[in-house]
1. Mind listing whichever residues of the stretch 11-30 are part of a loop (DSSP other than H, G, I, E, B) and either in contact with a strand residue (DSSP E or B) (Cβ under 8 Å, 6 or more places away or on another chain) or of a type in the set (Ser, Thr, Tyr) (or both)?
2. Please specify each residue of the stretch 58-68 satisfying the condition of being open to solvent by 40 Å² or more (accessible area, probe 1.4 Å) and part of a loop (DSSP other than H, G, I, E, B).
3. Go through LEU71, LEU55, LEU96 for me and flag whichever is of a type in the set (A, V, I, L, M, F, W, C), at pLDDT 85 or above and open to solvent by less than 70 Å² (accessible area, probe 1.4 Å).
4. Of all the residues that make up the stretch 28-45, how many are over 14 Å from the mean Cα position of the chain (by Cα) and of a type outside the set (D, E, K, R)?
5. Being open to solvent by less than 20 Å² (accessible area, probe 1.4 Å) and closer than 19 Å to SER52 by Cβ is the filter here; which residues of the stretch 17-31 pass it?
6. Out of all the residues in the stretch 40-52, which are surrounded by 12 or more Cβ atoms within 10 Å (Cβ to Cβ), modelled with pLDDT of 90 or more and assigned to a helix (DSSP H, G or I)?
7. Name the one entry in ALA78, ALA35, ALA4, ALA39 that is among the small types (Gly, Ala, Ser), out of contact with any strand residue (DSSP E or B) (no Cβ under 8 Å at 6 or more places or on another chain) and more than 26 Å from ARG94 (Cβ to Cβ).
Amino acid sequence: TVPAVIYAWLRYYGDYRETVGQIIDAGGDTDSTAALAGALAGTTSGWAGIPSDWLAGVRGWPLSVSHIKQLSQVLANAGTSGWSSPSNMLFLFRNLASLPVFGFHIVRRIFYAIF
């Protein structure tokens, strides 16, 4: 996965649509490879490089595109301004509250695998 993603990123350097499109066309585990390739391509193309029709199709409540842009600004300035958005703390608490559920499923799968 990683070598293919790095190859696509370097081969189509600066072209977000082509990088992600080519890694999807390669087949295999396309959800993982496209996510990784998109992350790398986004570091070089920025928000302007992501196709607007792709951004318009984002449906991930509560993480809207505007919230993700705000979060990326907070993270980019983390070294100087720290954690500044209280809504981000809500995600932390949500994720921590989910840990027992994930733990239960992991233990259950291990139990069924053994017995």
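The values are calculated or read from the model by the stated rules, or taken from the named source; none is laboratory data. Everything numeric here is computed off the predicted structure, so don't read it as measured data. Cβ: placed from backbone, ideal geometry, glycine included. Neighbour counts: every protein chain shown. Just so you know, the surface numbers come from the protein's heavy atoms only, side chains and all, with ligands and any DNA or RNA stripped out. Shrake-Rupley method; radii C 1.70, N 1.55, O 1.52, S 1.80 Å.
1. Here is the first cut: in the stretch 11-30, the residues part of a loop (DSSP other than H, G, I, E, B) are 12-15, 26-29.
Answer for the stretch 11-30, where residues must be part of a loop (DSSP other than H, G, I, E, B) and either in contact with a strand residue (DSSP E or B) (Cβ under 8 Å, 6 or more places away or on another chain) or of a type in the set (Ser, Thr, Tyr) (or both): TYR12, TYR13.
2. Step one: list which residues in the stretch 58-68 are open to solvent by 40 Å² or more (accessible area, probe 1.4 Å), which gives 58-59, 61-64, 66, 68.
Across the stretch 58-68, the qualifying residues are VAL58, ARG59, TRP61, PRO62, LEU63, SER64.
3. On the way: LEU71 fails: at pLDDT 85 or above; LEU96 fails: open to solvent by less than 70 Å² (accessible area, probe 1.4 Å).
Unique residue meeting the criteria: LEU55.
4. Of the stretch 28-45, the ones over 14 Å from the mean Cα position of the chain (by Cα) are 28-29, 44-45.
With the extra rule that they be of a type outside the set (D, E, K, R), the set shrinks to 28, 44-45.
Matching residues across the stretch 28-45 total 3.
5. Let us first name the residues in the stretch 17-31 that are open to solvent by less than 20 Å² (accessible area, probe 1.4 Å), namely 19-20, 23.
Once the filter is applied, which keeps residues that are open to solvent by less than 20 Å² (accessible area, probe 1.4 Å) and closer than 19 Å to SER52 by Cβ, the stretch 17-31 yields THR19, VAL20.
6. LEU40, ALA41, GLY42, THR44, SER45, GLY49
7. Details: ALA78 fails: more than 26 Å from ARG94 (Cβ to Cβ); ALA35 fails: more than 26 Å from ARG94 (Cβ to Cβ); ALA39 fails: more than 26 Å from ARG94 (Cβ to Cβ).
Being among the small types (Gly, Ala, Ser), out of contact with any strand residue (DSSP E or B) (no Cβ under 8 Å at 6 or more places or on another chain) and more than 26 Å from ARG94 (Cβ to Cβ) holds for just one of ALA78, ALA35, ALA4, ALA39, which is ALA4.
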